[in-house]
Every structure is written in structure tokens, then in C-alpha cells.
Amino acid sequence: MILNIQDKFNKALPADPNRNNTIRQVTASCYSYVHPSPTANPLLLHSSTEMLHELGLTALDAKSPAFLKVFTGNELLPDTQPYAMCYGGHQFGHWAGQLGDGRAINLCEVEHNTKNWALQLKGAGKTPYSRTADGLAVLRSSIREYLCSEAMFHLGVPTTRALSLALTGNEVLRDVMYDGNPAYEKGAVVCRTAESFLRFGSFQIFAARQDKKTLKILLDYTINNHYAHLGVPTKSVYINFFKEVAQRSLDMVIHWQRVGFVHGVMNTDNLSILGLTIDYGPYGWLEGYDHGWTPNTTDKGQKRYRYGAQAEMVHWNLYQLANALYPIILEAAPLEAILKKFVGQYRSRYLLMMKSKLGLFEENDADAKLIQDLEFILQESETDMTLFFRLLSKVTKEDKENGFNKISPAFYEIYEVQNNLKPNWEAWFIAYHHRLNQESLTDVQRRTKMNAVNPKYVLRNYMAQLAIDAADKGNYDMIEELYQLLKKPYDEQMEQEKWFAKRPEWARHKVGCSMLSCSS
Ligand code: AMP
Ligand code: MG
């Protein structure tokens with residue numbers, strides 16, 4: 001296994017001088033050196049062919065003893081100095097102080113085909129940032145992170161990636177629903193990858209401690225290494241940097257809304273400075289289209305991170321980032337202007353995105369209303385989001401009457417819809433039919449465009465749970481099956497039609513399917 005190791009982060013940035021692995025507050029440093037904890041009986045369950053390729057590795061490399069040892073924490077790559085990153089964050093709207101990589105350890109950085117990748121083990125043991133926790137990860141949450149990060153990549157959503165998934169052979173104690181019923185679960189470790197794992201909270205921690213010096217060092221490093229196209233850091237470059245972070249975060253959240261992804265824990269420590277989806281915890285996929293839905297049981301009362309609020313939460317987080325950058329920029333107006341613009345930009349980008357899901361590409365002032373009306377009845381009817389938009393592409397310009405029938409497999413309670421909401425749906429389809437006939441594309445052309453933005457297959461909550469239940473019993477075939485399926489989420493894949501289906505009833509209230517805790 002040969003990797004082109006090109007460490008930068010731990011070469012350029014200030015390190016914690018304390019090399020002991022003890023829980024502590026770490027000041028004036030961006031990271032602490034720490035070794036992964038050895039694992040008892042590691043077993044590689046899966047590796048991503050695409051990610052191996054990105055790093056210049058082959059499937060054969062993934063089968064090597066060295067690969068297993070390195071990516072389960074039992075051996076270090078030569079001349080590397082692993083480290084855990086220091087960051088803080090606002091959790092559920094409140095400043096939480098220092099958080100940091102409590103169970104993530106960066107192994108090294110790799111350069112291949114002009115791309116840079118940081119390689120990070122998640123669940124590889126305690127670090128100085130583990131606070132009261134054990135630094136470990138369980139199999140269920142590791143399968144969820146592994147499959148979803150690759151699935152999101154193939155959906156075209158900016159995301160961190162995953163290289164490998166392995167069992168550690170250690171047992172991990174978890175109280176899944178926080179109800180006083182702890183049990184032992186299989187421990188696992190994921191090697192995840194990204195150009196950088198820096199978060200909004202990486203900057204906030206220094207601002208909160210009034211450590212302008214380290215803040216500026218980190219900011220300049222980030223621009224020079226990840227936003228180099230903006231030029232040599234100056235005040236106007238800092239402002240442009242913030243503008244681009246806002247832009248990238250906006251792109252990301254528009255994609256989330258498009259595919260029906262709900263992150264679940266959009267704390268500032270879980271927002272990437274590169275606009276990548278990061279930290280797959282109690283995330284979920286919309287089944288019934290519902291702006292009020294959140295998968296995270298911890299957030300059940302407040303629903304702060306519900307589907308319909310995700311853009312607003314990105315905006316809130318950007319506000320905190322602006323506050324963190326202010327001590328360097330020392331001018332609020334340009335940052336405020338960017339934040340203000342974000343709101344309008346989101347509105348117009350959201351409209352365009354929704355129009356594309358409906359196959360509407362020409363300008364029409366009435367489209368916003370058409371979409372609003374649709375969102376209203378979609379929610380009133382408990383309609384499966386993925387099924388609905390995919391089936392909608394089958395509606396033709398001739399289909400004045402037939403639209404409702406074509407999309408009706410997407411309803412969870414068809415009789416209720418027929419009894420109570422059919423007139424609303426028919427009225428909507430009359431408007432849609434009228435609107436479709438103003439489009440210059442043919443039905444076939446429009447369908448192709450719609451099917452490129454409306455996935456046929458997503459990692460439905462119950463699908464991940466089925467893979468988890470099987471894996472718990474020692475059967476890993478479904479991990480491979482879902483991984484293969486989700487590589488081509490926009491393709492028809494006729495032999496996989498069973499996954500193009502509504503959530504089964506048994507999964508409606510099952511833990512792991514509709515409800516997820518942060519326990520991982
Ligand atoms: P999250 O909500 O998963 O993003 O985690 C918030 C913080 O808790 C981060 O600093 C994590 O590193 C830390 N954390 C979560 N789980 C563990 C764990 N099992 N051991 C140590 N730290 C953890
Ligand atoms: Mg996190």
C-alpha cells in the first residue's frame with residue numbers, strides 16, 4: 001500500500017505542546033498529537049472502490065494486512081503524526097466551549113491526482129477532547145456514516161467521504177434511547193476522508209478565547225490551502241472567504257432540500273468550513289414530505305433542526321462564524337451584507353431547485369405559488385417525497401386527468417387522500433398541466449432532466465436499519481447491496497425496484513428507522 005503522504009495541517013499549525021492523552025482544555029493550539037487506540041480483533045467489512053481510487057489505491061491494497069492495521073488503529077503509516085483537532089461550537093443554540101475531536105483521529109494527508117485528502121479514523125479511541133465519553137463508535141452508527149457519506153457523494157451532494165468500515169472486535173456500552181437501558185454493542189471504526197475536516201467551530205474556539213493570534217494563523221492557513229484562488233490573505237480576501245463559505249453552505253443546504261436529507265445536529269461544530277456535509281449522526285431521510293420532521297429524538301421538543309428550518313440554521317451558523325472572524329476583519333458591515341444577501345439568495349435558489357424537481361425550466365411568475373400549493377397538499381396527504389417526485393416525471397403534457405393516478409402510489413394513506421384531498425390534488429394537477437404546456441421541452445426531454453435531480457433511490461432510514469440488523473448478526477451482504485445500489489441513485493436499476501417503495505409500516509415508529517438518538 002503506497003500513499004503519497006503530504007502532511008500540511010500538523011506541519012504548518014501550532015500543536016498542543018502536551019503529548020499526554022489526558023482530558024484537558026487545549027489553548028493556542030489547533031490540535032493535539034494522539035495515537036489511535038489498538039483494536040482487539042479488527043475485521044474489515046467494506047471499502048469504497050471509488051475512494052480507494054481517489055487515493056491511488058486498489059482493491060488489492062484494501063485486502064492487505066497493512067490496510068487493515070492502519071485503518072483500524074493498529075499501525076501508523078511511516079513518518080506520520082496523528083492528531084485530534086481542537087474546536088468549539090454552539091450546540092442547539094448555546095455556546096458549549098471546547099469540544100474537539102473526541103473520537104476522531106487524523107492519520108495523515110494524502111495527495112493524489114492534484115487532490116488533497118485528510119484521512120481520519122472515527123471511533124479509534126480517546127483523545128484529549130473526549131470529555132466524559134469513551135472515544136469509540138458502535139457498528140450501527142458506523143454503517144450509517146459509511147453508507148450515507150458515499151451515497152451523498154453519488155447524489156451529487158458536497159460531503160466528506162468514507163474509505164473503509166471495520167469492526168474493532170471491542171465491545172462498546174451504549175444506552176441507545178437514553179432511558180437507562182445500556183447494553184453492549186459491537187465497536188467499529190470508519191476511515192473518513194475530506195479535503196479538510198475544519199469546522200465553523202474550529203475558528204470560534206479562538207475567537208471565544210480572544211486568541212486573535214491563533215485565529216489569524218488558522219484563517220490564513222485555511223485560505224492559503226483551501227481557498228487559494230482568493231489570493232494572498234488581506235482584509236478583502238477575508239471578506240471574500242466568508243462570502244464563499246456562505247455560498248458553499250448555501251449550495252449544500254439546497255442539495256439537502258432537493259434530496260430530502262435532514263442532518264439532525266446542525267451545531268456549529270458540525271458545519272464544515274468547506275461547505276461539506278459532515279458528521280453523520282442522527283440524520284434521516286424524508287419519507288412523508290414534512291417540513292416539520294426531524295429524525296433526532298434529542299431535538300424532538302424544539303425541532304430546531306427540522307427539514308424546513310435547515311437553511312435558516314445554516315444562516316444562524318454563518319452568523320456565528322461571522323462573529324468569530326470579526327476580530328480579524330474589524331468591520332461588521334460587509335459580513336452583515338453577506339448574511340443579509342443569503343436570505344434572498346436562498347429563496348431564489350430554492351425556487352429554481354424546486355422548479356427543476358417539477359420539470360419547469362421557463363420563467364413564470366406563478367411558479368412560486370404553484371410550488372407553495374404543492375408543498376401544502378404534499379404535507380396534508382402524507383406523501384413519500386422520493387416516490388412522488390420520481391413518479392411526477394411520468395406525467396405528460398396530455399395528462400390532464402391522469403396526474404393524480406400516476407403519483408398516487410406515493411401516498412401512505414391512499415383512502416384518506418381519496419376521501420379528503422382529491423379535489424385539492426385535481427385542482428393542483430390542472431394548474432400543473434397548464435404550466436407544463438408552456439414548457440418548450442418534450443415530455444421525454446423533461447423526464448430526463450427531472451430524473452437527474454430527483455433520485456430514485458436514497459438511503460431510507462429503514463434500509464440502513466436492515467443492513468445494521470443483519471450486520472449485528474454477522475451478515476454483511478446488505479452493506480454491499482446498498483453500497484452498490486446507492487452508487488447510481490438516479491438510474492432505474494430495474495432489478496432493484498424493491499427499494500423504490502414507501503417505508504414499510506413496521507418501520508414507522510421503530511428505533512433507528514424514524515427515531516434516532518445522538519448515541520453512537
Ligand atoms: P457530535 O454531536 O457527534 O458532533 O459530537 C459532539 C462532540 O462530542 C464532538 O466533540 C465529538 O467528538 C464528541 N463525541 C461524540 N461521541 C463521542 C464519544 N463516544 N467519545 C468521545 N467524544 C465523543
Ligand atoms: Mg460532530
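Every number here is computed from the coordinates shown, using simple stated rules; none is lab data. Quick caveat, the model's predicted, so the values are computed rather than measured. For neighbour counting, all protein chains shown are included, and Cβ atoms are generated from backbone atoms with ideal geometry for every residue, glycine included.
See the values below:
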quantity	calculated
Two-site FRET efficiency, residue 76 against residue 25, from Cβ-Cβ distance with R₀ of 30 Å, rounded to 0.05	0.70
Relative compactness, region 199-243, computed as alpha-carbon Rg over 2.2 N^0.38 Å	1.10
Cα-based Kirkwood hydrodynamic radius, region 201-356, one decimal, Å	16.3
Rounded to whole Å, sorted largest first: equivalent-ellipsoid semi-axes of region 368-520, Cα gyration tensor	32, 20, 12
Of 151, 218, 59, farthest towards positive along the dipole that unit charges on Lys, Arg, Asp, Glu beta carbons give the chain	218
Label point distance in nm, residue 506-residue 518, each placed 7 Å from Cα along Cα→Cβ	3.2
Spatially proximal aspartates and glutamates relative to residue 300 (Cα-Cα < 12 Å; intrachain offsets below 8 disregarded)	none
Rounded to whole Å, sorted largest first: equivalent-ellipsoid semi-axes of region 461-507, Cα gyration tensor	19, 15, 8
Packing-based exposure ordering (other Cβ within 10 Å, fewest first) of 30, 86, 518	518, 30, 86
Distance from region 469-520 to region 128-142 (C-alpha centre basis), Å	24
Pairwise FRET efficiency - residue 332 versus residue 12, Cβ, R0 = 22 Å, nearest 0.05	0.15
Using alpha carbons only: equivalent-ellipsoid semi-axes of region 132-210, gyration tensor based, whole Å	26, 21, 12
Ratio of the Cα radius of gyration of region 132-269 to 2.2 N^0.38 Å, where N counts its residues	1.29
Helical mean residue ellipticity (222 nm; -39500 (n - 2.57) per DSSP H run of 4+; nearest 500) of the chain	-12500 deg cm²/dmol
Rg to Rh, two decimals, where region 42-140 supplies the alpha carbon set and Rh follows Kirkwood	1.02
Under the Debye formula (equal points on every Cα, no solvent term), log10 I(q)/I(0) of region 303-429 at q = 0.09, 0.12 Å⁻¹	-0.39, -0.61
Cα centroid of region 435-465 to Cα centroid of region 259-336, whole Å	26
Given 186/487; 243/340; 126/213, the pairs whose alpha carbons are separated by over 18 Å	186/487; 126/213
Residues of type lysines that residue 400 reaches as a straight line, Cα spacing below 24 Å, ignoring anything fewer than 8 places off in the same chain	355, 357, 369, 422, 449
Rg and Dmax [Cα atoms of the chain; Å; Rg one decimal, Dmax integer]	23.4, 72
Added length on full extension, which subtracts the Cα-Cα distance from 0.36 nm per residue, residue 401 to residue 422	6.4 nm
Qualifying trypsin sites (Lys or Arg not before Pro) for region 160-230 [loop in DSSP, other Cβ within 10 Å: at most 16]	209
Distance from region 145-183 to region 357-389 (C-alpha centre basis), Å	33
Ratio of Rg to Rh over region 362-440 (Cα coordinates, Kirkwood Rh, two decimals)	0.94
From phi via Karplus (6.51, -1.76, 1.60), per-residue ³J(HN,Hα) for region 36-51 in Hz, x at Gly/Pro	x, 7, x, 10, 5, 8, x, 9, 6, 9, 6, 9, 8, 4, 5, 6
Separation of the residue 237 and residue 2 label points, Cα + 7 Å toward Cβ, nm	3.5
Longest exposed-site-free window of the chain, the sites being GluC sites (Glu not before Pro) in a DSSP loop that have at most 15 other C-beta atoms within 10 Å	76-330
Distance histogram in 10 Å bins (all Cα pairs of region 9-198, percent per bin)	9, 35, 38, 16, 1
Residue-span extension gain [residue 183 to residue 319] - 0.36 nm each, minus C-alpha spacing	45.0 nm
